[in-house]
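In what follows, a structure is listed as structure tokens, so that the remarks can point back to it.
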Amino acid sequence: MRAAVFHEVGTPLAIEEVAKPELRPGDVMIKIEYCGICGSDLHATQAGDLVVPDGMILGHEFTGEIVEIGAEAGDQWQLGQQVTAVPVNACDDCGRQCKYNRGIHCANNLITGFGAPGAYAEYIRVDSGNVLALPDGLGLREGAAAEPLAVGHHVIDKANMRPGTNVLIIGAGPIGLSCAAFARHCGARHVVVSEISESRRTRAEQMGATATLDPGACEVAEAYAALAGGPPDLVIECVGVPGMLGMCLDLVKFQGKVMVCGVCTQAETFVPLAALAKEACLQWALGYEKRDFEVVLDLLAEGRIDPQPMITHVIGFEDLSKRFEDLRTPSDECKILLRPQSDA
Ligand SMILES: [Zn+2]
Ligand SMILES: [Zn+2]
């Protein structure tokens, strides 16, 4: 089968012919229809702490059709069924994280596309326990947005956000957009997104922001207060570069909360005094649980969350390596989907 293979930092993904995965008991084989390119994939292929091994196939945001069902996979699966999967391969018996459905924190977890072969490929082998059927009414293309949307759902869940909360989201990449969608869905009053790119600001408004700000053209604290009548109760950091935590703690209201989901791999400095004085809360959120996916898939199928503004392009293998490298520099792109089965 064809797959995009990572070899080393500084070398673009190579489109190669590789062996099709072999089913183990309990697995299903999925023919990939769509797979999103994620910011995490960029982190995993550049110098730093997150780089994946030579030979890794990336890709963890996928939909496709079941084409083989392994022994012991359960009798609820059918050939041709349209599915996605939670890209978490936890041990299921470590008694700590797995017992509480927190597989993403399991020490034995191999995340699909980082520790286990991913979906920049024609086929993937997945443990049937991680597979989720796409509900009626949800297409394969839109279903591929379930993973980044599950991240946003998890952030709002972890934040214990109450209806009427005033929210500020820093950054309108796919995760910022997902957070905007779920903040709005869960009853936030003002959902303001701060983002330099005009096209990304437009997408944020389409995904649920009540207003947007250009931090290059205004003083964010002042502009936010003008819109919402005061500082934000909840600030969600979705950029992941040094300087963001201090900035978010400065922006948040007295006894407010900063949720961090940006992936920052460099040292961060800030002076804690301002946060101390206002008794601010600083909290991180990582990934999702299967339950987040289940909620997202239902909301997508019912049309209550619209992923369309997030998806900017669909490409084939012939464009993947270049488009992947291009994403390392800021652009107007949002979510690019790979379509491995076609060259369109
Ligand atoms: Zn992702
Ligand atoms: Zn475990």
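Derivation of every value follows stated rules applied to the coordinates shown; laboratory data play no part. Model, not experiment: these values are computed from the prediction. Ideal geometry is used to build each Cβ from the backbone, glycine not excepted, and the neighbour counts take in all protein chains shown.
Averaging the Cα positions of each part gives two centres, and for the stretch 26-41 and the stretch 247-276 these lie 34 Å apart. Rounded to the nearest 500, the helix-only mean residue ellipticity at 222 nm of the chain stands at -7000 deg cm²/dmol, with each DSSP H run of n ≥ 4 adding -39,500 (n - 2.57). Placing unit charges on each Cβ (+1 for Lys and Arg, -1 for Asp and Glu) gives the chain a dipole about its Cα centre, and among Phe254, Asn130, Ala204 the Cα reaching farthest toward its positive end belongs to Phe254. Rounded to the nearest 20, the Cβ-based charge dipole of the chain about its Cα centre (Lys and Arg +1, Asp and Glu -1) stands at 900 debye. Taking Lys and Arg as +1 and Asp and Glu as -1, the other residues whose beta-carbon sits under 9 Å from that of Pro135 total -3. Rounded to the nearest 5, what % of the DSSP beta bridges within the chain are antiparallel ones? Rounded to the nearest five, the antiparallel share is 55 percent.
Checking every one of the GluC sites (Glu not before Pro) in the stretch 129-233 against DSSP loop status and a limit of 13 other Cβ atoms within 10 Å picks out Glu219.
For Leu245, what is the net charge nearby, where nearby means another residue's Cβ is under 15 Å from its Cβ and Lys, Arg count +1, Asp, Glu -1? Once all neighbours under 15 Å are counted, the net charge is -1.
Taking other Cβ within 10 Å of each residue's Cβ, how do Val83, Val155 sort, fewest first?
Going from least to most buried by this count: Val83, Val155.
Ordering Thr11, Thr202 by the number of other Cβ atoms within 10 Å of each residue's own Cβ, fewest first, gives Thr11, Thr202. Pairs exceeding a 18 Å alpha-carbon distance, out of Lys253/Lys278; Lys31/Lys290; Lys99/Lys290; Lys158/Lys290; Lys290/Lys335: Lys31/Lys290; Lys290/Lys335. For Val88, the residues 5 or more places off, or on other chains, whose built amide H falls under 5 Å of its own are Thr112.
Amide H of Ala144: which non-local residues (sequence gap of 5 or more, or other chain) have their own amide H closer than 5 Å, using H built in the peptide plane? When sequence neighbours closer than 5 places are left aside, there are no close amide H contacts. Sequentially through the stretch 63-79, phi angles give Karplus couplings (6.51, -1.76, 1.60; θ = phi - 60°) of 10, x, 10, 6, 10, 8, 10, x, 4, 6, 7, x, 9, 8, 9, 10, 4 Hz, Gly and Pro residues having no value and appearing as x. Shape verdict for the stretch 149-284, please, from the Cα gyration tensor: rounded (a/c under 1.5), prolate (a/b greater than b/c) or oblate. It comes out rounded by the Cα gyration axes.
Taking the number of Cβ atoms within 10 Å of each Cβ as an exposure proxy, the fewest-first ranking of Arg328, Arg201 is Arg328, Arg201. Just to confirm the number: angle between the C-alpha axis of helix 317-326 and the first principal axis of the chain, 0 to 90 degrees, nearest 10? Its long axis makes an angle of about 30 degrees.
Which Cα, out of Leu337, Ala4, Gln97, lies furthest along the positive dipole direction of the chain (beta carbon charges, K/R +1, D/E -1)? Projecting each Cα onto the dipole axis, the largest value belongs to Gln97.
For His60, the residues whose amide H sits under 5 Å from its own are Ala119, ignoring neighbours fewer than 5 places away on the same chain, with H placed 1.01 Å from N. Between helix 174-185 and the chain there is an angle of about 70 degrees, using the helix long axis and the longest principal axis of the Cα atoms.
For a quick check of your reading of the filter: which GluC sites (Glu not before Pro) in the stretch 38-86 sit in a DSSP loop and have no more than 12 other Cβ atoms within 10 Å? Passing both the DSSP loop test and the Cβ count: Glu72. Across the options Ile66, Ala19, Ile37, the greatest Cα extent toward the positive end of the charge dipole of the stretch 18-163 (unit charges at beta carbon of Lys, Arg, Asp, Glu) belongs to Ile37. Using the Karplus relation 6.51 cos²θ - 1.76 cosθ + 1.60 with θ = phi - 60°, the per-residue 3J(HN,Hα) values for the stretch 210-223 come to 7, 6, 10, 10, 9, x, x, 10, 8, 8, 4, 4, 5, 5 Hz, with x marking Gly and Pro. When +1 charges are put on Lys and Arg Cβ atoms and -1 charges on Asp and Glu Cβ atoms, the dipole computed for the stretch 186-278 relative to its Cα centre reaches about 280 debye. Note on the chain: percent of Cα-Cα distances in each 10 Å bin, starting at 0 and stopping at the bin with the largest distance, equals 6, 25, 34, 24, 9, 2, 0.
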